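Please treat every number below as a calculation from the coordinates, not as lab data. Every value quoted in this text rests on a predicted model; they were computed, and no experiment measured them. Cβ sites come from the backbone with ideal geometry, for glycine too, and all protein chains shown count toward neighbours.
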Amino acid sequence: MTDASHIAARLAWVGAIREPGTVLSWSLPEWERVVRLGRRLRLLARLAERVEAAGLLEQVPPQPRRHLVAEQRLSRYRTAAVAWALEQVGQSLQGLAAPCVLLKGAAYLGQDLPLAAGRLPSDVDILVPKDRLPAAQLLLREAGWTEAQLSEHDRRYYYEWSHEVPPMVHAVHPIELDLHHDILPPTARTTVDIDRLLARLGPSKWPGWQVLEPADQVLHAAAHLFFDSELRDRLRDLVDLDGLFRHFGALDHFWDRLVERAQELGLTEPLALAVGFCCDWLGTPVPAATQAELLRIGPSGVRRRWLTALFGAVLSPLEPDEDPSARRTAASWGILARYHHWRMPLRLLVPHLLTKARGQTPD
């Protein structure tokens, strides 16, 4: 059995999020494994929502049902908190006279996408044009949002080298607000022309808020995962991508548009990785022509193989009570090194890492 098929077999339980009827055949030991994995991976509430929607929750044995219901309630509380916060933030930004864009989980909620049910949001990501960033910050501060106290180095990191300002918190809202002006750092080796994204926005269900077009939402999700430094227990991001592919894949010309847009924005590599892992591990229905085109324009054969091995070693979740292998640990260090090499040029990276190593800024 190949690595991909072995991992797909270990992840078969994730398919219950799409086919909830399969849970009725699980034994209590199987349920114990799923509950422990699902809670750690933040997928248990998604399973709970699908099982309840199928009218099967009362048929689940009482022991695992208690865990499903508890996680479901937590998810619904956090989702309600996000919705309320976005309503208030939207009112605060009414005078901005610029697009206000929901990103990632907030965007999924703002469109009532099926994959939004059961998510466990702890923060909200929004985006405004960079030239309106100071005005947006002022309006938010007037509404009671404050930034964390940071060292001078960390403030410089956010304001000169990052695609977002320092996270903001509020005395009333139990969530963190991440205010972006781009989807990738301006110092990174891969950057995106944000004006191209802002030119193709769509509506959300909340007044004053917009979302990226479907192809751009997928590309942002792929870039967010495959350009990140920490992939441990990030299977939920692949499940998000699977949900986006399945939902938007039904739109006319979506797949052609997705590949075309990836080439326009320079994001063919993260898209190719996302499609490869989703198809191999989750059985995502991506057209064969799209897969073939991404093999042609994506990373070269050698690069694709080592990236797949690197990300596969870390993205594959550990079983309950399983210790990380030497391979996983080495892959984690490899991903961290790749992330730093990608995010900043050496003239900025070396002083930044030395400053962090000396402990002059908080982790």
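Odds and ends about this structure:
- Alpha-carbon centroids, the stretch 1-50 and the stretch 114-141: separation in whole Å: 31
- From helices alone, the chain scores -17000 deg cm²/dmol at 222 nm; the rule is -39500 (n - 2.57) for each run of n ≥ 4 DSSP H residues, then divide by the residue total.
- Based on the convex hull around the alpha carbon atoms, the chain presents an average projected area of 19.2 nm².
- Length gained on full extension, Trp342 to Arg327, computed as 0.36 nm times the residue gap minus the Cα-Cα distance: 3.2 nm.
- Sequence-separation-based contact order of the stretch 3-357, relative, with Cα cut under 8 Å and 6+ spacing, percent: 16
- Placing +1 on the Cβ of every Lys and Arg and -1 on the Cβ of every Asp and Glu, with no other charges, gives the chain a dipole of roughly 560 debye about its Cα centre.
- Furthest towards positive pole of dipole, Ala117, Leu138, His6, structure part the chain, Cβ charges: His6
- In nm, spacing of pseudo-spin labels at Arg155 and Ala171 (7 Å Cα→C-beta vector): 2.3
- Sorted by Cβ neighbour density within 10 Å, fewest at the top, the residues Trp281, Trp342, Trp333: Trp333, Trp342, Trp281
- Kyte-Doolittle mean at least 0.5 and Cα axial length at least 15 Å: DSSP H helices in the chain: 214-226, 268-282, 301-315, 346-357
- The modelled label-to-label distance between Gln263 and Glu32, using points 7 Å beyond Cα along the C-beta direction, is 5.3 nm.
- Fraction of antiparallel bridges per DSSP, the stretch 3-357 only, in percent to nearest 5: 55
- Computed over the stretch 93-172, relative contact order equals 27 percent, with contacts defined as Cα pairs under 8 Å that lie 6+ residues apart.
- The modelled label-to-label distance between Asp193 and Arg40, using points 7 Å beyond Cα along the C-beta direction, is 4.5 nm.
- Residue ranges 264-271, 187-194 sort as 264-271, 187-194 when ordered by packing (mean number of other C-beta atoms within 10 Å per residue, highest first).
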